[in-house]
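Engineer: Below is one structure. I have some questions about it.
Just so it is clear, none of the values below were taken in a lab; they were calculated from the coordinates. The structure presented is a predicted model; accordingly, all values stated were derived computationally and were not measured. Glycine gets a Cβ as well: all are built from the backbone with ideal geometry, and neighbour counts include every protein chain shown.
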Amino acid sequence: MWSDIELTYALIMAHFLIYIIAIWLTLYPEVTVFHLVTATQLIAFVIRPFLAAISGGYTLYLKNGDWSFYNWGLVYQLIFFVFYFIGYLIIKKFRKVNTLNLNCTSDEEEKRMSYCIFKAYLLSVFLGFFSVILMNLLSNGKWLPTMRSVTVTTAVPMGKVLFPMAVLPLTMSIPLSFILYKKNPKFLLLSLGGMLFSFLLLSLLYQRGFILMGLIIVIFFVNRFLKRIGYLRLAMIVFLLIFLLSIIRPVANVISYSLSSSKGEIQFVTQMRGTESLTERVKKFFLYSPNFDNIDVWPIAISSVEENGLLGGKTFLAIPARFLTTKIRQNLNLVTAADYLNSYYWGSTYWDTSFGFNVTLPQELYLNLGWVSMVFGLIPGIITALIDRWLWKFTRPNIINIYLVGVSFSTGGFIGETGGTLQWVIALLFIGIIMNYISGIKIKRY
């Protein structure tokens, strides 16, 4: 029974219904962290499993198990999301939703705010670009995606520091460019140029997710300015973003090969894209690639527990070590959930390359405490509701608040990889505080 594809279809329908109910009961405001979480869950646990089922039961990763582990993964994830949703509903009450106003009470404050946004925007682009230049110099060009067989943080000396210094300011320069234009339309060309430049660098860094996050923050601010954006318009934007995500990596490969003078590879990539049908492209993006691969990781987690038993909280204690490199964590025996499950599946290859899949919060809970721990989905649900309350409550779009919006959406509702989420949140908050301080410094004229 548990290995039946028919059961997979039933579980997919159950996921679909709970996500539709979740959106319906939290209809307005439209752009919230909770809706972002629900949308990603819809893709990861409805669209991807459906494509897997109609393909005869395809999974990207499979170890010591059958299709029943895939179905159990759908069950555990569903239980977790139900409790996450309940936690969100306990707190979620938007008493007052106001439009965001960029106008200041005085001319002096208006000039100061415009100047701060202008400086923060330029600083964000410059810091990101400077970090990429350093990465290129220190790695002798091996940071490019077509020039490495390991993660960028492994390929680049000091990669653990330089990588976030590059991607985070570049990501936040996208909403800052929009705010700058909204505040001063005369900066249209500067804003657009900086945004496209950030797109280019983030694409070469293979960071489609950060491009997406930057654009989501822009959409959030549009929603705040207009108060309502409309679900039809929002659906069109979502489809456009998915299309953008699907073409970024091939384009990045072409640019990367161009920089390394590999004309033969450029021809090969463009020819491959030209011969693929629409169905093949959809399956390649949603099924055959690691995009939204959460469900594919579940069978590995379940197989690991079947073989080795529960970890009893061991990986949660190792979360602070997420700031260290993979090799250092291995030497210190401070193994995170991602380290544990990837080394279980890939063996020593994972420790050599640092390439692997993410392990989400529900999967880490299962690895440590078993399926009953899915009830802890209440906690991130409550936290997400508090974040969404603040997102629709703040009134001043100053630099620190703009960066805090970025921090809020980077949490992903705190249901992704726990250590990775905390790492990015702390790093982005730190950069935001620095940007807020530097942009507020007054330059004296003599």
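Engineer: What relative contact order, as a whole-number percentage, does the chain give when Cα pairs under 8 Å and 6 or more residues apart are counted?
Structural biologist: Normalised by residue count, the contact order of the chain is 27 percent.
Engineer: Would you please report the Å³ per residue occupied by the convex hull of the alpha carbon atoms in the chain?
Structural biologist: In the chain, the Cα convex hull volume per residue is 160 Å³.
Engineer: Past the 30 Å Cα-Cα mark, which pairs from LYS160/LYS393; LYS182/LYS442; LYS93/LYS284; LYS119/LYS393; LYS111/LYS227; LYS183/LYS442?
Structural biologist: LYS160/LYS393; LYS93/LYS284, as the Cα separations exceed 30 Å there.
Engineer: Hey, what number do you get for the chain at 222 nm if only DSSP H runs of n ≥ 4 count, each worth -39500 (n - 2.57), divided across all residues, to the nearest 500?
Structural biologist: Estimated from H runs of four or more residues: -23000 deg cm²/dmol.
Engineer: Compute the separation of the alpha-carbon centres of region 38-92 and region 363-397 and state it in Å as a whole number.
Structural biologist: Centre-to-centre (Cα) distance: 18 Å.
Engineer: Which whole-percent values make up P(r) of region 309-348 when all C-alpha to C-alpha distances are grouped in 10 Å steps starting at zero?
Structural biologist: Cα pair-distance distribution for region 309-348, in percent: 31, 59, 11.
Engineer: Rank PRO185, PHE286, ALA301 by how far each Cα sits towards the positive end of the charge dipole of the chain (+1 on Lys, Arg Cβ; -1 on Asp, Glu Cβ) and give me just the farthest.
Structural biologist: PRO185
Engineer: Sticking with this structure for a sec: Report the calculated FRET efficiency for TRP2 and SER114 (r = Cβ-Cβ distance, R0 = 56 Å), to the nearest 0.05.
Structural biologist: 0.40
Engineer: Given 0.36 nm per residue, what is the gain on full extension from VAL282 to THR395 after removing their alpha carbon distance, in nm?
Structural biologist: Contour length minus the Cα-Cα distance gives 36.6 nm.
Engineer: Moving on to the next point. Let me have the relative contact order for region 129-227, percent, based on Cα pairs under 8 Å that are six or more residues apart.
Structural biologist: It comes to 27 percent, rounded to a whole number.
Engineer: Next question, about the same structure. Whats the longest run of the chain with zero trypsin sites (Lys or Arg not before Pro) that are DSSP loop and have at most 11 other Cβ atoms within 10 Å?
Structural biologist: 97-441
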